[in-house]
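Engineer: Starting off with a structure, shown below.
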Amino acid sequence: MILTYWNFHVRFGTTLISESPSFSAVTEEFTRKKAKLLELGEIFIPREVDMPCFASLSKAGPDSGRGAHAFGFGDSRVKLVVSKDPDARLRLARDPAGYIILLEGKKFVGDVQILPLAAHAPNQAFLNLCPECSMGCAFCSMPRPEGAGSYLSPERALRLVSVASKYPDFSAVAITSGIPGTVREANAKMAEAVKAVRGQYPSVPIGVEAYFDGTAEISLFREAGVTEMKINIETWPEERFRKICPDRDFQATLKALERAVTVFGWGRVTSNMIVGLGETDGEVAEALDTLASMGVVPNVRGIRIGPGNSAKLEKALGKTPERVGAERLLALGEMHRNILERNNLDTGNFETMCFSCRCCDIVPMADI
């Protein structure tokens with residue numbers, strides 16, 4: 001165990017926070033190592049390292065369009081993109097005890113497990129019904145549609161869930177979609193898929209990650225059988241949101257989150273907050289405190305940069321951002337946990353989507 005000390009000077013009435021916080025909490029060594037792995041993001045796997053499963057090619061999420069593996073060590077999980085560069089800072093290897101992760105040639109993490117991905121995430125089938133999106137968010141790697149867009153049918157979605165259900169640890173389903181046409185059409189397609197899954201799996205938890213330009217459709221998801229809802233605010237404040245998500249409405253997103261808490265309950269709604277887009281820690285604190293006071297459990301995610309979004313990010317921000325460093329991820333994680341606890345919220349109550357997966361972020365109550 002490594003002892004580190006953070007001092008946060010936060011006054012949430014005016015949302016002040018130290019720009020360079022020092023440590024003031026005990027953090028497990030595995031969490032510090034996970035933060036470093038998230039900072040680097042990519043790992044080289046030599047051909048001689050025999051893998052027990054294929055890499056997952058995600059069509060949505062932080063690393064969409066690139067192959068990735070999920071790794072477990074201690075109580076931590078992390079998902080890393082597979083790099084083609086043999087000189088990558090992270091490298092997977094084997095020793096007599098099993099898999100290990102090397103950092104710049106030296107053993108960094110031992111006793112590593114390769115986690116099979118049922119569909120995008122461990123333990124759950126996380127389906128993207130359409131891998132194209134017209135919303136134009138700068139952080140997103142999904143391509144714009146060339147035509148009307150093609151959705152997975154409810155029957156096809158059900159077949160994918162059926163395959164994933166054969167995994168021993170299968171426990172949940174999550175559904176999202178790009179928006180090739182209208183938000184209403186995409187939500188209708190997701191609701192149809194939810195109904196199909198709920199009909200075949202009456203007791204499995206189902207989460208949905210959706211966009212809303214109003215609040216009327218939120219109840220339809222509850223009626224279809226959804227148990228947990230995710231509506232992403234993405235960034236803060238509204239001025240930055242308009243740069244990053246020019247085709248979305250910031251206030252409509254906040255209203256949808258407020259309505260979703262009414263429909264699904266306090267602590268059953270979540271929202272991604274991406275960091276690394278030029279925001280200050282004070283702006284992150286303001287965002288997390290605002291969402292948590294509404295009963296939303298925010299999720300803090302460091303920006304991922306790749307071939308699918310680097311040019312869009314540079315255009316939106318005037319420069320390409322850098323991946324968020326491990327120390328900032330840990331500091332924000334501590335602040336994040338404090339805010340959730342003050343609002344009687346717990347990431348451990350979620351059974352689907354990102355808080356259940358735990359691979360891509362420093363998750364309060366699980367990692368810190």
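Engineer: Determine if the range 234-241 includes at least one residue that is outside any loop (DSSP other than H, G, I, E, B), within 19 Å of the chain's Cα centre (by Cα) and either surrounded by fewer than 22 Cβ atoms within 10 Å (Cβ to Cβ) or modelled with pLDDT of 95 or more (or both).
Structural biologist: Let us first name the residues in the range 234-241 that are outside any loop (DSSP other than H, G, I, E, B), namely 234, 238-241.
Of the ones still in play, those that are also within 19 Å of the chain's Cα centre (by Cα) are 234, 241.
Applying the additional criterion that residues be either surrounded by fewer than 22 Cβ atoms within 10 Å (Cβ to Cβ) or modelled with pLDDT of 95 or more (or both) yields 234, 241.
The answer is yes; a qualifying residue exists.
Engineer: Which of the residues belonging to the range 86-131 are under 25 Å from the mean Cα position of the chain (by Cα) and outside any strand (DSSP E or B)?
Structural biologist: A88, R89, P116, L117, A118, P122, N123, L129, C130, P131
Engineer: Something else: Of all residues in the range 259-311, which are aliphatic (A, V, I, L, M), out of contact with any strand residue (DSSP E or B) (no Cβ under 9 Å at 6 or more places or on another chain) and not in a helix (DSSP H, G or I)?
Structural biologist: I305
Engineer: One residue is enough: does the range 215-230 have a residue meeting the conditions hydrophobic (A, V, I, L, M, F, W, C) and surrounded by fewer than 18 Cβ atoms within 10 Å (Cβ to Cβ)?
Structural biologist: Within the range 215-230, one or more residues are hydrophobic (A, V, I, L, M, F, W, C) and surrounded by fewer than 18 Cβ atoms within 10 Å (Cβ to Cβ).
Engineer: Continuing with this model, one more query. List, please: which pairs have Cβ atoms under 8 Å, are six or more places apart or on different chains, and start with a residue in the range 335-359 that is hydroxyl-bearing (S, T, Y) and end with one that is at pLDDT 95 or above and in a helix (DSSP H, G or I)?
Structural biologist: T347/L340; T347/F355
Engineer: For the range 262-282, give me each residue that is at negative phi and buried (at least 19 other Cβ atoms within 10 Å of the Cβ).
Structural biologist: Residues of the range 262-282 that are at negative phi, as a first pass: 262-264, 266, 268-275, 277, 279-282.
If the condition is that a residue be at negative phi and buried (at least 19 other Cβ atoms within 10 Å of the Cβ), then F264, R268, V269, T270, S271, N272, M273, I274, V275, L277, D281 are the ones that fit.
Engineer: Please work out which one of (1) assigned to a loop (DSSP other than H, G, I, E, B); (2) more than 27 Å from L127 (Cα to Cα); (3) touching a strand residue (DSSP E or B) at 6+ places or on another chain (Cβ under 8 Å) is the condition V226 fails and give its number.
Structural biologist: Here V226 meets the rest and fails (2).
Engineer: Do we have A285 as buried (at least 22 other Cβ atoms within 10 Å of the Cβ), more than 16 Å from the chain's Cα centre (by Cα) and within 24 Å of C137 (Cβ to Cβ) here?
Structural biologist: Yes, satisfied.
Engineer: Out of curiosity, is F139 among the aromatic types (F, W, Y), in contact with a helix residue (DSSP H, G or I) (Cβ under 9 Å, 6 or more places away or on another chain) and more than 20 Å from A172 (Cα to Cα)?
Structural biologist: Yes, satisfied.
Engineer: Still on this structure, I have one more. Quick one: is E351 surrounded by fewer than 23 Cβ atoms within 10 Å (Cβ to Cβ) and more than 16 Å from the chain's Cα centre (by Cα)? Don't jump to the end; show me each part of the working.
Structural biologist: On the way: surrounded by fewer than 23 Cβ atoms within 10 Å (Cβ to Cβ): yes; more than 16 Å from the chain's Cα centre (by Cα): no.
When the stated conditions are applied, E351 does not pass them.
Engineer: Next question. Say we look at the range 134-192 and pick out the residues that are among the basic types (K, R) and modelled with pLDDT under 95; which of these is farthest from R66 (Cα to Cα)?
Structural biologist: Here is the first cut: in the range 134-192, the residues among the basic types (K, R) are 144, 156, 159, 166, 184, 189.
Filter once more, so that each one left must be modelled with pLDDT under 95: 144, 166.
On the way: R144: 17, K166: 25 Å.
Per the stated criteria, the residue is K166.
Engineer: Quick one: in the range 65-81, which of the residues that are outside any strand (DSSP E or B) and under 16 Å from R304 (Cα atoms) is modelled with the highest pLDDT?
Structural biologist: Result: R66.
The values are calculated or read from the model by the stated rules, or taken from the named source; none is laboratory data. A quick note: this is a predicted structure, and the numbers were derived from the prediction, not measured. Virtual Cβ from ideal backbone geometry, glycine too; neighbours counted across all protein chains shown.
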